[in-house]
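The values are calculated or read from the model by the stated rules, or taken from the named source; none is laboratory data. Since we're looking at a predicted model, the values are computed, not measured. Reconstructed Cβ throughout: ideal geometry from the backbone, glycine too, with neighbour counts over all protein chains shown.
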2 protein chains.
Amino acid sequence: MSEAWVRGREFFTTRSVAEALAGFLPGRRAHVETVSREDALGRVPAAAVVSGSALPGFARSTVDGYAVRASDTYGASDSLPMYLDLTGSVRMGVATSCEVRPGSAVQIPTGAPIPAGADAVVMVEYTQVAMPGTIEVGRPVAVGDGVVRADEDVAVGAQIAPPGRPLRAQDLGLLAAAGVTDVEVHARPRVAIVSTGDEVVPPETTRLEPGQVRDATASALAAMVTQAGGEPSYRGIVADDAEELANSLRAAVHDCDLVVVSAGSSVGARDETTAAVESIAGSAVYCHGLAIKPGKPTLLAECDSVPLIGLPGNPLSALVVFRMVGLPVLRRIAGITVAPPPEPATTATLSRAVASAAGRLDVVQVQVSDDRVATPLFGHSALLSLLTSADGFIVIPEANTGLDAGSAVTVTLYR
Amino acid sequence: MSEAWVRGREFFTTRSVAEALAGFLPGRRAHVETVSREDALGRVPAAAVVSGSALPGFARSTVDGYAVRASDTYGASDSLPMYLDLTGSVRMGVATSCEVRPGSAVQIPTGAPIPAGADAVVMVEYTQVAMPGTIEVGRPVAVGDGVVRADEDVAVGAQIAPPGRPLRAQDLGLLAAAGVTDVEVHARPRVAIVSTGDEVVPPETTRLEPGQVRDATASALAAMVTQAGGEPSYRGIVADDAEELANSLRAAVHDCDLVVVSAGSSVGARDETTAAVESIAGSAVYCHGLAIKPGKPTLLAECDSVPLIGLPGNPLSALVVFRMVGLPVLRRIAGITVAPPPEPATTATLSRAVASAAGRLDVVQVQVSDDRVATPLFGHSALLSLLTSADGFIVIPEANTGLDAGSAVTVTLYR
């Protein structure tokens with residue numbers, strides 16, 4: 001953490017990204033709600049989901065064959081098969097009244113319930129019908145062969161989905177198997193997206209006056225929020241006016257779980273965001289700047305446990321910072337307690353040297369060729385097209401002062 | 001490809017997974033529809049999206065400072081600054097009538113339009129107010145310094161989103177900047193999910209009769225379809241009856257872009273699926289089996305250009321096959337023409353040996369410890385809990401006959 005007087009007016013606190021990730025830990029959690037299993041993909045259970053019954057619930061055959069007593073097959077071989085009386089057959093999905101007595105066998109398809117008396121199933125491939133009512137068994141089976149136990153998939157009361165881990169497709173399958181119809185999950189965090197800047201106009205604006213730009217950041221942020229499981233709430237474009245901005249932020253803090261402000265691009269507009277945040281009762285600023293490029297003018301604050309992120313005015317910078325710092329905050333609010341799976345990545349060779357400053361995290365957009373050469377895309381962070389033409393990005397850690405051409409790098413790929 | 005007579009009745013064609021991925025290429029594409037930009041995340045443009053105007057649309061300052069003629073600053077230094085007349089200031093978002101004449105400067109904030117006559121912006125840090133109306137410039141600037149050109153982000157008519165690549169957050173940002181409100185995209189492919197098996201009952205069933213199991217596969221498949229950008233269409237559970245199944249499949253082929261059948265678990269049920277598919281007019285079976293474990297009894301067919309995938313009866317096998325073979329088909333139907341980004345993955349050391357058969361692709365579920373040891377999860381493919389307790393899977397290629405303990409493996413991680 002470093003502090004400096006800026007324009008003789010206020011303490012300007014800069015933190016490293018690592019410090020912010022470890023130290024900016026707002027207490028807010030999205031509330032808990034009940035959703036149907038069919039709507040639960042990606043949702044985060046607020047408590048462990050347990051199974052009310054054993055699964056599959058009955059001993060099942062795993063093969064097409066004959067249910068037997070294993071001891072009746074001991075010693076069987078192709079040259080000296082065992083002969084068993086065929087006394088019936090089991091049908092799929094129906095309780096069977098068959099019983100397998102010593103010296104007998106019952107025909108059974110894959111998945112059907114093991115009849116009473118049987119303790120194994122011989123695959124049909126290892127049998128022959130010797131004569132009507134009698135089969136030859138050419139191989140011995142051990143107790144349990146060809147059988148899934150009644151509680152082998154899930155025991156009664158066992159956890160079938162842990163709290164804090166987003167539900168995956170296979171989790172929903174197991175919940176369905178257990179007859180779970182509803183799940184208690186954290187609500188999707190509501191994320192207020194506040195745009196500022198006198199030059200910014202809604203993207204729907206058909207004709208721009210000279211000097212105006214359409215709001216690109218809000219749309220991209222909303223998409224990132226959606227992708228990460230949150231629910232974006234557009235709060236409109238606020239003029240560069242401290243009072244108006246403070247009112248807008250107060251309302252956003254009241255309504256939402258996370259407030260994201262894309263600041264105007266000028267230093268004055270950023271100062272106004274800071275002033276507006278500081279004027280809100282219960283607000284505490286964590287830092288006024290992050291040691292990251294692009295994205296230094298980032299404000300992190302908390303207002304009554306609701307985190308507030310003031311992003312840089314340039315769309316590229318704003319999106320880089322939101323990815324690096326905002327998404328982890330969003331995951332936390334969403335109730336996620338497991339580490340996220342690593343992003344898709346590839347290793348590549350850097351086409352040219354990239355400079356960095358010690359103590360600063362650099363995020364460099366790159367294109368990756370088929371032969372895995374990563375070419376850095378340089379240009380001003382006002383250019384959003386850098387981000388749309390990039391395949392991914394590399395990160396140059398704080399300790400590093402740059403990378404030489406030919407360095408092996410890990411490229412995190414956009415998806 | 002291998003062929004064999006099965007039970008003296010039909011040709012049984014098995015393909016490798018690689019053959020299927022390269023050769024099973026149904027012609028079906030989801031239709032094209034128009035969606036609003038706000039609903040376009042992850043959607044696949046049917047044609048290139050081009051910008052109707054240059055972006056940002058006017059030359060902008062990238063810094064807070066003074067707009068100047070660069071030639072007026074040549075030779076400036078801290079010890080020998082240049083003096084320029086301050087003749088005005090530019091405001092954000094408003095067309096400026098200021099003009100920068102030789103020997104003069106105009107104050108400008110980041111993002112504001114460059115006034116006429118100026119060709120560079122000096123950062124405020126390299127200037128001082130010498131006296132009211134005059135600034136000192138302590139560093140020279142070159143033409144274009146501190147300026148983003150009017151078409152530097154996007155030129156008129158330039159492509160801002162390619163066809164066939166799902167729209168990402170940053171793409172939506174650039175579309176917003178260009179004022180694009182609607183996008184022509186492929187519809188989400190409708191995927192019919194047909195369950196079969198006399199033992200299978202809906203997951204809502206509270207009390208199971210002995211021998212019954214709830215349909216786990218359909219819920220998990222629906223989630224995988226949703227995650228991959230498709231729209232699942234549950235078609236219910238069809239009894240093991242060839243005629244009823246054929247009717248159900250005919251209707252599904254008529255209504256949907258892809259039909260997925262989770263077959264009953266017994267060989268008889270699988271035979272019925274095959275018979276039902278073959279009885280549909282216009283159907284062509286591509287293979288009756290895949291050289292994959294788990295998942296061998298997989299049917300791939302096409303009915304009037306609509307692909308039909310008959311999955312194995314075991315939920316684990318069905319989900320493995322759908323991931324390996326079904327999702328690529330779904331991406332194709334969705335109009336995606338770019339390679340998918342690699343799945344999240346980690347390298348790990350295998351805790352114990354895993355056997356495989358040459359010519360067969362083995363998919364092994366594993367848990368990965370913090371110190372990156374991958375432990376294979378063994379158990380019958382009837383056990384869905386193998387999949388929910390796994391962190392990911394390893395693939396043993398066709399050519400390989402197994403992996404030794406201690407082998408370095410790449411684990412594809414579930415997310």
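Considering every residue within segment A:391-407, establish whether at least one is at pLDDT 95 or above and within 18 Å of A:Ser262 (Cβ to Cβ).
Within segment A:391-407, not a single residue is at pLDDT 95 or above and within 18 Å of A:Ser262 (Cβ to Cβ).
Suppose we keep only residues that are of a type in the set (A, V, I, L, M) and within 26 Å of B:Gly229 (Cα to Cα) within segment B:254-276. Which one would you say is nearest to the chain's Cα centre (by Cα)?
Here the residue is B:Leu258.
In this structure, is A:Ser79 more than 27 Å from B:Arg270 (Cβ to Cβ) and touching a residue at least 40 places away in the same chain (Cβ under 8 Å)?
no
Take the residues in segment A:50-59 that are surrounded by fewer than 24 Cβ atoms within 10 Å (Cβ to Cβ) and not small (Gly, Ala, Ser), then tell me which one is modelled with the highest pLDDT.
The extreme case among them is A:Val50.
Say we look at segment A:247-277 and pick out the residues that are under 11 Å from A:Gly313 (Cβ atoms) and hydroxyl-bearing (Ser, Thr, Tyr); which of these is modelled with the highest pLDDT?
The qualifying residue modelled with the highest pLDDT is A:Ser262.
Exactly one condition in (1) under 31 Å from the mean Cα position of the chain (by Cα); (2) within 12 Å of another protein chain (Cβ to nearest Cβ); (3) among the aliphatic types (A, V, I, L, M) is not met by A:Ala251; state its number.
(2)
Could you list all residues from segment A:20-71 that are more than 18 Å from the chain's Cα centre (by Cα) and within 26 Å of A:Arg323 (Cβ to Cβ)?
Passing the criteria: A:Ala20, A:Ala22, A:Gly23, A:Phe24, A:Leu25, A:Pro26, A:Gly27, A:Arg28, A:His31.
Taking the conditions exactly as written (closer than 26 Å to A:Pro109 by Cβ and over 30 Å from the mean Cα position of the chain (by Cα)), does B:Ala353 satisfy them or not?
no
Looking at (1) of a type in the set (D, E, K, R); (2) outside any loop (DSSP other than H, G, I, E, B); (3) modelled with pLDDT of 95 or more, which one does A:Arg188 not meet, given that it meets all the others?
Tallying (1) of a type in the set (D, E, K, R); (2) outside any loop (DSSP other than H, G, I, E, B); (3) modelled with pLDDT of 95 or more, A:Arg188 fails exactly one: (2).
Within segment B:220-246, can you find the residues that are in a strand (DSSP E or B), within 12 Å of chain A (Cβ to nearest Cβ) and among the hydrophobic types (A, V, I, L, M, F, W, C)?
Of everything in segment B:220-246, just one residue is in a strand (DSSP E or B), within 12 Å of chain A (Cβ to nearest Cβ) and among the hydrophobic types (A, V, I, L, M, F, W, C), namely B:Ile237.
Among the residues of segment A:196-207, is any more than 8 Å from chain B (Cβ to nearest Cβ), assigned to a loop (DSSP other than H, G, I, E, B) and buried (at least 22 other Cβ atoms within 10 Å of the Cβ)?
For segment A:196-207, residues more than 8 Å from chain B (Cβ to nearest Cβ), assigned to a loop (DSSP other than H, G, I, E, B) and buried (at least 22 other Cβ atoms within 10 Å of the Cβ): absent.
Within segment A:181-221, which residues are touching a strand residue (DSSP E or B) at 6+ places or on another chain (Cβ under 7 Å) and among the polar types (S, T, N, Q)?
A:Thr181, A:Ser195, A:Thr196, A:Thr205, A:Gln212, A:Thr217
What do you reckon, is A:Ala348 at pLDDT 95 or above and buried (at least 21 other Cβ atoms within 10 Å of the Cβ)?
Here the answer is yes, as A:Ala348 does meet what is asked.
Which condition from (1) within 18 Å of B:Val409 (Cβ to Cβ); (2) hydrophobic (A, V, I, L, M, F, W, C); (3) outside any loop (DSSP other than H, G, I, E, B); (4) within 14 Å of chain A (Cβ to nearest Cβ) is the one that B:Val364 breaks?
Failing condition for B:Val364: (4).
Do any strands (runs of 3 or more DSSP E) lying entirely in segment A:60-171 carry at least 3 residues that are crowded, with 18+ Cβ neighbours inside 10 Å, and which ones are they?
Correct list: A:65-68, A:82-89, A:104-108, A:120-123.
Identify the single condition in (1) hydroxyl-bearing (Ser, Thr, Tyr); (2) away from chain B (no Cβ under 12 Å); (3) surrounded by 16 or more Cβ atoms within 10 Å (Cβ to Cβ) that A:Ser385 does not satisfy, given that it satisfies every other one.
The one condition A:Ser385 does not meet is (2).
For segment A:142-163, check the following and say yes or no: at least one residue is at the interface with chain B (Cβ under 8 Å from one of its Cβ atoms) and closer than 24 Å to A:Phe322 by Cβ.
Scanning segment A:142-163 turns up no residue that is at the interface with chain B (Cβ under 8 Å from one of its Cβ atoms) and closer than 24 Å to A:Phe322 by Cβ.
Results for (1) crowded, with 20+ Cβ neighbours inside 10 Å; (2) within 22 Å of B:Arg168 (Cα to Cα); (3) within 14 Å of chain B (Cβ to nearest Cβ); (4) touching a residue at least 60 places away in the same chain (Cβ under 8 Å), shown as yes or no for each residue.
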position: A:Pro328; (1), (2), (3), (4): no, yes, no, yes
position: A:Gly335; (1), (2), (3), (4): yes, no, no, yes
position: A:Val338; (1), (2), (3), (4): no, no, yes, yes
position: A:Ala374; (1), (2), (3), (4): yes, yes, no, no
position: A:Gly379; (1), (2), (3), (4): no, yes, yes, no
position: A:Ser389; (1), (2), (3), (4): no, yes, yes, no
position: A:Val395; (1), (2), (3), (4): no, yes, no, no
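Being among the β-branched types (Val, Ile, Thr) and over 21 Å from the mean Cα position of the chain (by Cα) is the filter here, so list the residues in segment A:148-192 that pass it.
Scanning segment A:148-192 gives A:Val148, A:Val154, A:Val156, A:Val180, A:Thr181.
Which is closer than 23 Å to B:Ala382 by Cβ and over 30 Å from the mean Cα position of the chain (by Cα), of B:Ala246, B:Ala220, B:Ala291, B:Ala239?
Sole residue among the options that is closer than 23 Å to B:Ala382 by Cβ and over 30 Å from the mean Cα position of the chain (by Cα): B:Ala239.
Could you list, in sequence order, the residues of segment B:214-242 that are more than 16 Å from B:Ile333 (Cβ to Cβ), surrounded by fewer than 24 Cβ atoms within 10 Å (Cβ to Cβ) and among the hydroxyl-bearing types (Ser, Thr, Tyr)?
Within segment B:214-242, just B:Tyr234 meets the criteria.
So, in segment B:397-415, exactly how many residues are away from chain A (no Cβ under 14 Å) and outside any strand (DSSP E or B)?
9
Testing A:Ala318 on (1) under 30 Å from A:Glu302 (Cβ atoms); (2) out of contact with any strand residue (DSSP E or B) (no Cβ under 8 Å at 6 or more places or on another chain), one condition comes back false. Which one is that?
Just one mismatch for A:Ala318, condition (2).
Listed residues A:Leu80, A:Leu84; which is in contact with a helix residue (DSSP H, G or I) (Cβ under 8 Å, 6 or more places away or on another chain) and more than 30 Å from A:Val395 (Cα to Cα)?
A:Leu84
What number of residues within segment A:21-37 satisfy the criterion of being out of contact with any Lys or Arg (no Cβ under 9 Å at 6 or more places or on another chain), assigned by TED's automatic domain parsing to the domain that holds A:Cys256 and in a helix (DSSP H, G or I)?
2
Pick out the one residue from A:His288, A:His254 that is free of Cβ contacts under 8 Å to residues at least 12 places away in the same chain and over 23 Å from A:Ala216 (Cα atoms).
Exactly one of A:His288, A:His254 is free of Cβ contacts under 8 Å to residues at least 12 places away in the same chain and over 23 Å from A:Ala216 (Cα atoms), namely A:His254.
Only one of these is at pLDDT 95 or above and not aliphatic (A, V, I, L, M): B:Gly65, B:Gly93. Name it.
Exactly one of B:Gly65, B:Gly93 is at pLDDT 95 or above and not aliphatic (A, V, I, L, M), namely B:Gly65.
Answer with yes or no whether A:Arg190 is among the basic types (Lys, Arg), away from chain B (no Cβ under 14 Å) and over 30 Å from B:Leu167 (Cα atoms).
No; evaluated as a whole, the condition is false for this residue.
Run down B:Thr62, B:Thr13, B:Thr110 and say which single residue is in contact with a Ser or Thr (Cβ under 6 Å, 6 or more places away or on another chain) and either in the same structural domain as B:Asp255 (by TED's automatic domain parsing) or β-branched (Val, Ile, Thr) (or both).
The conditions single out B:Thr110.
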